[in-house]
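Notes for the one structure printed next.
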Amino acid sequence: MSKTIKRIGVLTSGGDAPGMNAAIRSVVRTCAYHNIECVGIYRGYQGMIEGDFKEMGPRSVNNIVNKGGTILKSARSREFMTPEGRQKAFANIQKAGIDSIVVIGGDGSFTGAEVFHSEFGIPIMGIPGTIDNDIYGTSFTLGYDTALNTVVEVIDKIRDTASSHNRLFFVEVMGRDAGHIALNAGIGAGAEEILIPEENLGLDRLLESLKKSKASGKSSSIVVIAEGDSIGKNVFELKDYVEENLPEYDVRVSVLGHMQRGGAPTCFDRVLASRLGVKAVESLIEGKSNYMVGILGDKITLTPIEQAIKGNSEIDRELLKVADIMST
């Protein structure tokens, strides 16, 4: 074991995601297993600036593996974006004797971690936690599987009322820059069309598809829309456009919003969080730094944080084909 790592800080930053608590638990207990002290940093980088720290041991993370959100809280920190803010954070880290940090969050959180590492040399390890699944270097981010299951469950319920009233529902899901949730949940819930940022379906094709659905005997339809869809209209403008051009449709809109971030994590997210937490701590012990821990082909891997930030998480083209076939 490296003698340089004696006290690891752990924080969650950016948007919360189911599985973050399971990852915190894993980091804390892996530290205990290796006789390393662990410190919880509350409210992300803002808490680091304000010295909002708390000692954490194995019993302090009892009964959190099944909880959504994050017990360490999360906050946006404009101050951390300034050299003065980061200097304050570093002074507090030094004062607390923290010699390395595990950051659980998305690309914004990793960007802050990389800058902090480059300026002060603090060993950093990242764990990807975001429901959008939009980080390069991992097939799955924490919270993504849970969000998918939440969305599918809700769409199943919406379909019940859509069928009862012969309605067309536009269901907007999260995914400003990535359509992973919309694509996978759309297929899983049997959506007639799926609109995502990566593909410009076009208004004409959407109308044509809806006309075909009507002609084929479908009395109701579900269209899943990622909030960052490239079709050029927000979901309410899209509703108005369809009603103007296809008056036979009674259109309703359902924006799922932040419910997608909540709820107990699935077994998949709990196990993934546990694996990533162990790898993050043991990688720091081995002297590695400035990496993101991820999963590729069921193997836990390390990707340089710079690549994780700058790389593109591409949509699965095969899934696009599957979605097209399933909407027939």
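The values are calculated or read from the model by the stated rules, or taken from the named source; none is laboratory data. Keep in mind that this is a model prediction, so the values were computed, not measured. Virtual Cβ from ideal backbone geometry, glycine too; neighbours counted across all protein chains shown. Areas reflect the complete protein model, heavy atoms only, side chains present, ligands, DNA and RNA absent. Shrake-Rupley method; radii C 1.70, N 1.55, O 1.52, S 1.80 Å.
Within the set Ile71, Ile98, Ile64, the sole residue that is open to solvent by 40 Å² or more (accessible area, probe 1.4 Å), aliphatic (A, V, I, L, M) and in a loop (DSSP other than H, G, I, E, B) turns out to be Ile71. I'd like to check something: does segment 237-252 contain any residue that is open to solvent by 20 Å² or more (accessible area, probe 1.4 Å), under 30 Å from Ser313 (Cα atoms) and modelled with pLDDT under 90? Checked segment 237-252: at least one residue is open to solvent by 20 Å² or more (accessible area, probe 1.4 Å), under 30 Å from Ser313 (Cα atoms) and modelled with pLDDT under 90. Flag: Val39 does not match the condition of being aliphatic (A, V, I, L, M), closer than 28 Å to Arg86 by Cβ, modelled with pLDDT of 95 or more and part of a helix (DSSP H, G or I). For segment 291-311, taking the residues that are under 15 Å from Leu142 (Cα atoms) and touching a Leu at 6+ places or on another chain (Cβ under 8 Å), the one that is most open to solvent (accessible area, probe 1.4 Å) is identified as Ile300. Among the residues of segment 286-300, those that are touching a Ser or Thr at 6+ places or on another chain (Cβ under 8 Å) and either modelled with pLDDT under 95 or not acidic (Asp, Glu) (or both) comprise Gly287, Ser289, Tyr291, Met292, Val293, Gly294, Ile295, Leu296, Gly297. The residues of segment 113-151 that are of a type outside the set (A, V, I, L, M, F, W, C), assigned to a helix (DSSP H, G or I) and over 26 Å from Gly190 (Cα atoms), listed by number, are Glu114, His117, Ser118, Glu119.
A Cβ distance below 7 Å, combined with a sequence gap of six or more or placement on separate chains, defines the contacts here; from segment 301-323, residues that are closer than 18 Å to Gly190 by Cα reach residues that are modelled with pLDDT under 95 and assigned to a loop (DSSP other than H, G, I, E, B) in the pairs Leu320/Glu199. Quick one: in segment 128-152, which of the residues that are in contact with a strand residue (DSSP E or B) (Cβ under 8 Å, 6 or more places away or on another chain) and of a type in the set (S, T, N, Q) is surrounded by the most Cβ atoms within 10 Å (Cβ to Cβ)? Ranking the qualifying residues of segment 128-152, first place goes to Thr141.
Considering only segment 23-52, how many residues are of a type outside the set (D, E, K, R) and crowded, with 24+ Cβ neighbours inside 10 Å? Matching residues across segment 23-52 total 12.
Check Thr82, Thr111 and return the single one that is closer than 24 Å to Thr303 by Cα and of a type in the set (Val, Ile, Thr).
Numbers: Thr82 fails: closer than 24 Å to Thr303 by Cα.
The unique qualifying residue is Thr111.
Of all residues in segment 258-290, those being open to solvent by less than 20 Å² (accessible area, probe 1.4 Å), in a helix (DSSP H, G or I) and of a type outside the set (Val, Ile, Thr) number 9.
Among the residues making up segment 269-296, a single one is touching a helix residue (DSSP H, G or I) at 6+ places or on another chain (Cβ under 8 Å), small (Gly, Ala, Ser) and farther than 19 Å from Met20 by Cβ: Ser289.
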